[in-house]
Structures are given as C-alpha cells and as structure tokens.
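Before any comments, here is the structure.
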Amino acid sequence: MKLEKYIYREDFSFSTRDADFMKKIRISSLINFFIQAAWKHAEELGVGYSHLSEIGVGWILSRLNIKIHHLPSWPGDINISTWPKGVDRILYIRDAEIHSSPDIKLASISSAWLVIDMETKRLKRSFPEVEFFTKLEMHDAIQESIPALKFVMKECISTPYRVSANDIDMNMHLTTIRYFDLMFDTYDLEFLTANTPKEIVVNFMKEVPFGTELVMSRAVEGNTHFFELCNSTSSDVCFRAEVKY
C-alpha cells in the first residue's frame with residue numbers, strides 16, 4: 001500500500017488572536033490547527049464531514065495527547081503533518097507532528113476518534129468506509145496509547161463557568177478548543193508566566209450543550225495537574241485531563 005497519500009501536510013500562519021499575553025502560541029490554537037488539518041485530510045481520503053454526513057455518521061474526538069517541545073512566538077508559521085495510524089479497539093488513531101522548520105519540532109500529537117450515528121449518538125463499531133485504518137503501517141508521533149483518565153483528588157480548587165454563544169460549535173456544543181482554554185483559565189498570570197506545559201492528556205466524555213452550568217476542578221500532585229469538568233446540575237463528568245509541567 002502506498003502510504004504517501006495517507007500523510008497530509010499544511011502550513012499555517014498564526015495571528016495575534018492565536019497568541020497569548022506572552023506572545024506565545026496558545027495551546028488551544030495548536031490543537032485548532034491540528035483539527036483543521038485532520039478535517040481537510042479526512043475530506044481528501046473520502047471520509048470527511050461532507051461524505052459521512054450523507055450516511056448519518058460522523059467523527060467524534062475522544063482522547064488526545066500532545067507533547068510540547070517548544071512554543072513559538074508571534075508572528076510565526078507552523079507546518080503540520082498528520083496521518084491515520086491504525087485502530088485500537090473501537091478508537092481510530094490519528095497522529096501528527098508540528099514543526100516551525102524542518103529541524104525544529106514544536107509538538108507531537110496522538111488522537112483517538114470514534115465513529116457515531118449522529119441521530120442516535122451510538123457508536124458504529126463496524127464501518128467499512130474507514131477500514132483502511134486497520135491496514136496502515138505508519139510511524140508513531142507518540143508511541144504510547146492514550147489512557148482513560150481518573151480524577152480521585154480530594155483537595156482541589158473549583159471554577160464555575162456557563163457555556164455561552166462564543167463557546168459553541170455548529171452542533172451547539174462546547175467546541176473542542178474551549179476545553180483547553182477553560183483549563184488554563186484556572187491559573188493566575190504569575191503561574192502561566194513561569195510554567196510551560198510539557199505534556200497534556202485529555203479525555204472528552206460527554207457533549208456540553210449551550211447554557212450548561214459547569215465546574216472545572218483542578219488538583220496538583222508534584223509536577224502533574226489533574227482536571228475534571230462536570231455539569232454542576234447533574235454532576236456528569238464531561239472532560240478529564242492531566243497536564244505535566
């Protein structure tokens with residue numbers, strides 16, 4: 001099987017809206033560029049939104065791991081290479097590498113996606129259109145599997161939040177990149193100035209509709225910070241993450 005067509009590359013320029021108060025690219029912006037590249041590649045492979053929506057199914061991002069080597073400063077350009085890597089049980093794995101130049105790697109990403117019926121929201125466990133995932137022999141951006149996370153900390157800080165119009169996507173749910181912003185909004189500027197995350201692992205567990213009242217909890221153990229986002233009304237867990245500094 002010729003593998004070159006399964007690798008997608010795209011250059012992005014990041015603007016001031018993608019930079020934080022230190023002029024560094026935001027983590028959420030890096031994730032956003034990756035998702036854009038993944039979406040475009042899926043379209044090229046015939047398994048993108050425009051194709052799957054016709055048969056009532058779609059991709060849902062379930063887990064993600066990003067290892068950060070360096071965060072560039074604005075203004076800047078980045079190059080993303082991404083590829084489907086294989087299947088782990090019901091999860092379809094897509095990896096990526098982000099560079100600012102051929103010899104400067106900014107980040108490595110591994111992501112795990114589910115295929116669901118968009119009407120019933122149930123998993124599609126067998127799906128011929130994406131079976132090519134099982135036949136690929138691609139290299140690893142990150143070798144380890146993305147774990148299911150737990151949050152068992154008793155001592156934590158909690159930050160309330162209500163999902164507003166600027167937080168939602170075209171499906172009327174909290175958009176992927178906002179989860180990352182909500183995590184980092186729990187810190188003060190002094191901490192953010194002195195610390196850059198080295199690795200972030202996230203689990204997306206429940207969709208969050210417009211208007212939902214949320215609570216983001218954060219606990220610390222050594223250099224690892226643990227996050228859990230819950231619906232404050234139902235107590236449903238919507239999202240978990242671990243950030244290593």
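Structure above, values below:
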item: Residues located in region 233-245, provided they are assigned to a loop (DSSP other than H, G, I, E, B) and under 24 Å from Ile168 (Cα atoms); result: Thr233, Ser234, Ser235, Asp236
item: Subset of region 16-60 that is in contact (Cβ under 8 Å) with a residue 24 or more places away in the chain and hydroxyl-bearing (Ser, Thr, Tyr) - its residue that is farthest from Pro197 (Cα to Cα); result: Ser53
item: Single unsatisfied condition, Ser29 versus (1) within 16 Å of the chain's Cα centre (by Cα); (2) over 22 Å from Lys135 (Cα atoms); (3) at pLDDT below 95; result: (3)
item: Residues within region 168-187 that are in contact (Cβ under 8 Å) with a residue 12 or more places away in the chain and touching a helix residue (DSSP H, G or I) at 6+ places or on another chain (Cβ under 8 Å), tallied; result: 7
item: Test: residue in region 143-161 that is touching a Phe, Trp or Tyr at 6+ places or on another chain (Cβ under 7 Å), part of a loop (DSSP other than H, G, I, E, B) and either under 20 Å from Met216 (Cα atoms) or not assigned by TED's automatic domain parsing to the domain that holds Thr233 (or both); result: yes
item: Conditions (1) in contact with a helix residue (DSSP H, G or I) (Cβ under 8 Å, 6 or more places away or on another chain); (2) aliphatic (A, V, I, L, M); (3) crowded, with 21+ Cβ neighbours inside 10 Å: number failed by Ala112; result: (1)
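The values are calculated or read from the model by the stated rules, or taken from the named source; none is laboratory data. Every value quoted in this text rests on a predicted model; they were computed, and no experiment measured them. Note that each Cβ is placed from the backbone with ideal geometry, even for glycine, and that neighbours are counted across all protein chains shown.
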